[in-house]
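Here the structure comes first, spelled out in structure tokens, and everything after it is commentary.
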Amino acid sequence: MSGQREVLVDESFFYAGRYGSPLTYGRVLDLAEKHGFAPSAGARVFDFGYGSIGHLRMLAQSGLQVTGVDVDELLPVMYEKCSGPCGSGSVLLLNGRFPAEEELVQKAGTGYDLFLSKNTLKRGYIHPAREPASPRHVIRLGVSDEKYLQQVFEMLRFFWDFCG
């Protein structure tokens, strides 16, 4: 079929890091808690460039409302029926260029308690550590870095006391 390709998803594909273990998010949550995020039922988490669903489901199972967005066209095929209730929380999967696509911004909404982006922003796919990077390894946001950061800021609900 035109425009389609076969992808073998075996253990090496999984463990090579592209769609790896949810346990890698243990350290992320540890650091978040040290900086004021104590996960509680109903807390909202946004993952930019989620890459796999394991950690999203793990967070949802503990009562969190989790939204993941990614540009990888394989993910909607792999996880076609995975949005919805999960344990005592929920998972919402979005696909496309966030925040360039207004529809994604609207679907994602606001009021997030934690924003995650593991291996996507810092030396990842937006501004790769190695230049020149292969075009297939670079994600174009479709907006300036400043616009991206403004959108993230507008999505977050702040609870820190910066003066106390």
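Which of the residues belonging to the range 66-80 are over 17 Å from P22 (Cβ atoms) and modelled with pLDDT of 95 or more?
The one that is over 17 Å from P22 (Cβ atoms) and modelled with pLDDT of 95 or more: V69.
Tell me which residues, restricted to the range 7-32, are modelled with pLDDT of 80 or more and exposed (fewer than 12 other Cβ atoms within 10 Å of the Cβ).
Residues satisfying the conditions are D30, L31.
Condition first: of a type in the set (A, V, I, L, M, F, W, C) and surrounded by 14 or more Cβ atoms within 10 Å (Cβ to Cβ). Now tell me which residues in the range 139-154 satisfy that.
As a first pass, look at the range 139-154 and keep what is of a type in the set (A, V, I, L, M, F, W, C): 139, 141, 143, 149, 152-153.
Residues satisfying the conditions are I139, L141, V143, V152.
Could you say which residue among G111, G89 is among the small types (G, A, S) and surrounded by fewer than 18 Cβ atoms within 10 Å (Cβ to Cβ)? Explain how you work it out, then say what you get.
Values: G89 fails: surrounded by fewer than 18 Cβ atoms within 10 Å (Cβ to Cβ).
Selected residue: G111, the only one of G111, G89 that is among the small types (G, A, S) and surrounded by fewer than 18 Cβ atoms within 10 Å (Cβ to Cβ).
Which ones in the range 36-65 are at pLDDT 85 or above and over 19 Å from G109 (Cα atoms)? First the steps, then the outcome.
Here is the first cut: in the range 36-65, the ones at pLDDT 85 or above are 40-65.
Passing the criteria: S40, G51, S52, I53, G54, H55, R57, M58, Q61, S62.
The values are calculated or read from the model by the stated rules, or taken from the named source; none is laboratory data. Here the structure is a predicted model, which means the values were calculated and not measured. Neighbour counts are summed over all protein chains in view; Cβ atoms, including those assigned to glycine, are modelled from backbone coordinates with ideal geometry.
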